[in-house]
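Right, one structure below, let's go through it.
The values are calculated or read from the model by the stated rules, or taken from the named source; none is laboratory data. Fair warning: this is a prediction, and the values are worked out from it, not measured in the lab. Every residue, glycine among them, receives a Cβ derived from its backbone with ideal geometry; neighbour counts consider all protein chains shown.
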Amino acid sequence: MSNKQWFLLLKWILWASLTISALGYFLGKEPYPTGDGIEYMLTTEAWKNHASPDIRLSDCESFKSDFIQHQSWESNYKRAAFDEVEAFLREKGPKRKDYGGFYRNSHQHVYGYHFVFYSFVNVPARMLTDGIGIHPIKAFVLTNVFIWSLFFAWLLSWKNEESTSALVLGLLVFLSASFYYTTWTHPETLTVVLVLSSMLCLTRQRFHLALLFCGLATLQNQPLSFLFLWMYLLVWNHYGFQWRPMMKYLGYGVFVFVPPLYFYGLFGTTSLINDAGFLSLENLTSIRVIGFFFDLNQGMILSIGLFLFVYFLLFCWRAVQIIKSRKVSPWDSLPLVILAMTLLVSCMNNWNHGMAVVNRYAVWMSVPLMCHGYVLLKELRRSWSVSLASLGALSQLGLLYIHLPYHQFDWSNLQHMPFAKWTLSNYPAHYNPDPQIFIARTHQVFDFSKNSSPILYFNEQNLLRKIAVHERNFDTLTFLGYTPRPRSEYCCVRSGKEHWYYINDFEERSSKSSLEVLRMIQRSEMDRILLEMKANPEWMNSLEQKARSAGISLETQMEKDAEFIFLERHPAL
């Protein structure tokens, strides 16, 4: 064999080895229906069982039957939600029209409120789990790893010079928050790889593939229609804005209309999500838009690290180049496209949704940003481009190391991330996120009205460092011994119709100490721990065993453990 042949053989052996290693690593994770996973699982089951996406009772039963061959139903963290969906499917009359993302149309057929493309893609892996006898939820892991493996195999087939830079970009994207979402029962991996493939094809002027991949990505995430339209304009610009050459590309535009036509045919509406009230301009705030990129709990910065700052530096450098040369490239408008997509997703009602460290939308939104950075880096001297790319890569590896312990399932939205904790403990006035983020992560509640006010953040030394208080509940601060200043002196942050104020000077203006306040709220904190117990089947099984061993009731054992955990979290008491 020649040296070239040996090199090719070693390259594909390495690819196969890494694929097998990735399968071993990600399949080793505990299966869990993350995010809207129940909907995606049952839609996959429907495709597999009868080649249509309408979800039937038999689909729920077949999934449950396969599930209990590998894991007891009682240990299913979302057992109650699954059982409620099953009850919804069993209803004979009068029937509810919807439950938890499942909708019944006028023909009494049930569908999920997300488009069905990703579930369809997952069918081969689901059939494989049946054939080789592994957990049905792990079909999504098989699908996601295969998607990444196929993507890198495609890059390895490129010419050497092109392949190297594209592989580096691909690895940077994979080692962003995309890494966490590889185990998810969600379309983030599919969307990321399709958008990345599309952008890479665009840089090589492979316009048919670029539009095909981006069009497919819009099926699952409609905000990408902005990116799709931008690509059309870029291709049109390439042909000097002549209509005739564009005719051969117009067919790809069909993808954008497939989801709304699908839902219109089934329900007489173009979007169930919009009709259900999950989107509203009232939710759009500057705090959300900025936080989408820089929030210390869930922003894009936790995904791509210093590369985000590198991108903004490159953007400024490019702006100077435009002023000097008075020449503009279609790529220069890409930041506006990213901003448009950000504005749209910022209208979501549930801003602190289930996630793995980083906001789900920021995972795929970072791809066009990184690809634009990749294009801009090519214009710099090689030494500069390598240095800046290396800086971004090192920061991403550091962020992965820091956040890996925090991405279990989709529970990241119930706790503050390390950088947010440090800032809240040391410089609380410098971190004033969307109230949904602060409230849910501090008190693990999702009621963002005045009923949840006030929200108290204690650091590890049991010092009360930050308070969030609702505008109609300001008087509760006096109960804590706090003397309020004029409201205009506080940071007021809006989430939808609700206005919240952040208090950062409790220690200076309160007649009570942090420990006194902590003792006052001990009961409510213990009640919150009890709710955590009830939501965790394995924890409840353990508590039942402890109660039997101690000869006491389950309720008494839960109280004892809740008090123990509270005191363990606040040892100074």
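For segment 48-76, the candidate set comprises residues that are crowded, with 17+ Cβ neighbours inside 10 Å, under 27 Å from the mean Cα position of the chain (by Cα) and not in a helix (DSSP H, G or I); within that set, the residue that is modelled with the lowest pLDDT is Asn76. Within segment 477-489, is there a residue that is surrounded by 12 or more Cβ atoms within 10 Å (Cβ to Cβ), assigned to a strand (DSSP E or B) and not polar (S, T, N, Q)? Yes, segment 477-489 has at least one match.
For segment 415-446, the set of residues classified as more than 26 Å from Glu516 (Cβ to Cβ) and either modelled with pLDDT under 85 or surrounded by fewer than 18 Cβ atoms within 10 Å (Cβ to Cβ) (or both) consists of Pro418, His430, Phe446, listed by residue number. Of all residues in segment 190-241, those being over 25 Å from the mean Cα position of the chain (by Cα), surrounded by fewer than 21 Cβ atoms within 10 Å (Cβ to Cβ) and in a helix (DSSP H, G or I) number 11. For residues that are closer than 24 Å to Val192 by Cβ and among the aromatic types (Phe, Trp, Tyr), scanning just segment 242-262, find the one that is surrounded by the most Cβ atoms within 10 Å (Cβ to Cβ). Step by step, filter segment 242-262, then rank; the result is Tyr252. Looking only at residues in segment 429-447 that are hydrophobic (A, V, I, L, M, F, W, C) and part of a helix (DSSP H, G or I), the one that is nearest to the chain's Cα centre (by Cα) is Ile437.
Within segment 176-183, identify whether any single residue is in the same structural domain as Met365 (by TED's automatic domain parsing), part of a helix (DSSP H, G or I), β-branched (Val, Ile, Thr) and closer than 21 Å to Gln220 by Cβ, and answer yes or no. Checked against the condition, which is being in the same structural domain as Met365 (by TED's automatic domain parsing), part of a helix (DSSP H, G or I), β-branched (Val, Ile, Thr) and closer than 21 Å to Gln220 by Cβ, segment 176-183 yields at least one hit. Condition first: surrounded by 22 or more Cβ atoms within 10 Å (Cβ to Cβ), aromatic (Phe, Trp, Tyr) and under 26 Å from the mean Cα position of the chain (by Cα). Can you find one or more residues in segment 168-179 that meet it? Yes, segment 168-179 contains at least one residue that is surrounded by 22 or more Cβ atoms within 10 Å (Cβ to Cβ), aromatic (Phe, Trp, Tyr) and under 26 Å from the mean Cα position of the chain (by Cα).
Would you check if Met348 is out of contact with any strand residue (DSSP E or B) (no Cβ under 9 Å at 6 or more places or on another chain) and in the same structural domain as Ser280 (by TED's automatic domain parsing)? No, not satisfied. Based on what the data block shows, is Ile521 of a type outside the set (S, T, N, Q) and within 30 Å of Cys347 (Cα to Cα)? When the stated conditions are applied, Ile521 does not pass them.
Quick check on Ile13: is it over 19 Å from Tyr103 (Cβ atoms) and part of a helix (DSSP H, G or I)? Outline the logic, then answer.
Working: over 19 Å from Tyr103 (Cβ atoms): yes; part of a helix (DSSP H, G or I): yes.
So Ile13 fits the description; yes.
The residue that is nearest to Thr285 (Cα to Cα), counting only those in segment 482-520 that are of a type in the set (A, V, I, L, M, F, W, C) and in contact with a strand residue (DSSP E or B) (Cβ under 7 Å, 6 or more places away or on another chain), is Val493. Taking residues in segment 154-174 that are assigned by TED's automatic domain parsing to the domain that holds Leu399, and partners anywhere that are of a type in the set (Phe, Trp, Tyr) and outside any helix (DSSP H, G or I), the pairs with Cβ atoms closer than 9 Å and at least 6 places apart or on different chains are Thr164/Trp158; Ala166/Trp158; Leu167/Trp158.
If you take just the helices (runs of 4 or more DSSP H) that sit entirely in segment 286-400, which of them hold at least 2 residues that are farther than 30 Å from His499 by Cβ?
Once the helices (runs of 4 or more DSSP H) in segment 286-400 are filtered for at least 2 residues that are farther than 30 Å from His499 by Cβ, what remains is 306-325, 334-345, 360-377.
I need the helices (runs of 4 or more DSSP H) fully contained in segment 501-562, keeping only those with at least 1 residues that are assigned by TED's automatic domain parsing to the domain that holds Phe474 and modelled with pLDDT under 85. Steps first, answer last, please.
On the way: elements: 506-509, 514-520, 522-534, 537-550.
Filter on segment 501-562 gives 514-520, 522-534, 537-550.
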